[in-house]
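Notes follow once the structure below has been shown.
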Amino acid sequence: MSEIAEPLLSWLILLARLSLAAVFLVSGIHKARYYRQAVEEFHRAGIGLVGLTLPLTIALHVLAALAIVAGVYVVEAALLLALFTLVATLQVHRFWSATGAERLEQSRIALAHLAIIGGLLMLAATGPGRFAL
């Protein structure tokens with residue numbers, strides 16, 4: 001790798017970490033702050049054991065995002081979030097059983113989540129980069 005590309009790569013990995021972490025940090029904080037609405041959302045999505053799954057979801061989102069920001073346990077955090085996002089997408093955004101405009105909307109959301117999963121897998125493959133604790 002060239003002398004110019006190496007520092008640029010480190011900055012790009014940092015930006016990727018911060019961007020991906022922001023998605024989950026904001027989501028976790030939002031679920032914690034608006035807990036009742038999150039409970040209703042989980043019920044509507046057919047997610048069981050909400051008293052257990054919602055706190056675990058919040059903890060995973062916040063703690064994994066903070067680990068990614070800090071650059072510690074980045075591979076593990078990224079893989080956990082990728083797996084979580086895949087399972088959540090298949091559970092909540094069932095585009096294959098929707099029709100009309102709802103099918104299009106759920107497909108769009110599922111594809112956006114697929115892009116996030118791709119970013120998380122890329123982060124797991126590259127590791128935290130030079131700017132990490």
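Readers should treat all values here as calculations from the given coordinates under stated rules, not as data from a laboratory. Fair warning: this is a prediction, and the values are worked out from it, not measured in the lab. Backbone-built Cβ (ideal geometry, glycine too); neighbour counts: all protein chains shown.
Elements of the type helices (runs of 4 or more DSSP H) sitting completely within the range 25-133 and holding at least 3 residues that are more than 12 Å from the chain's Cα centre (by Cα) and within 27 Å of L8 (Cβ to Cβ): these cover 50-70, 74-92, 100-126. Can we say S97 is hydroxyl-bearing (S, T, Y) and under 22 Å from G127 (Cα atoms)? So S97 fails the test. Give the residue that is surrounded by the most Cβ atoms within 10 Å (Cβ to Cβ), with candidates limited to residues of the range 1-26 that are polar (S, T, N, Q) and within 15 Å of L123 (Cα to Cα). Top of the filtered list is S10. Looking at the range 19-27, is at least one residue in contact (Cβ under 8 Å) with a residue 24 or more places away in the chain and farther than 24 Å from A115 by Cβ? Looking through the range 19-27, none of the residues is in contact (Cβ under 8 Å) with a residue 24 or more places away in the chain and farther than 24 Å from A115 by Cβ.
Of all residues in the range 60-75, those that are surrounded by fewer than 19 Cβ atoms within 10 Å (Cβ to Cβ) and in contact (Cβ under 8 Å) with a residue 40 or more places away in the chain total 5.
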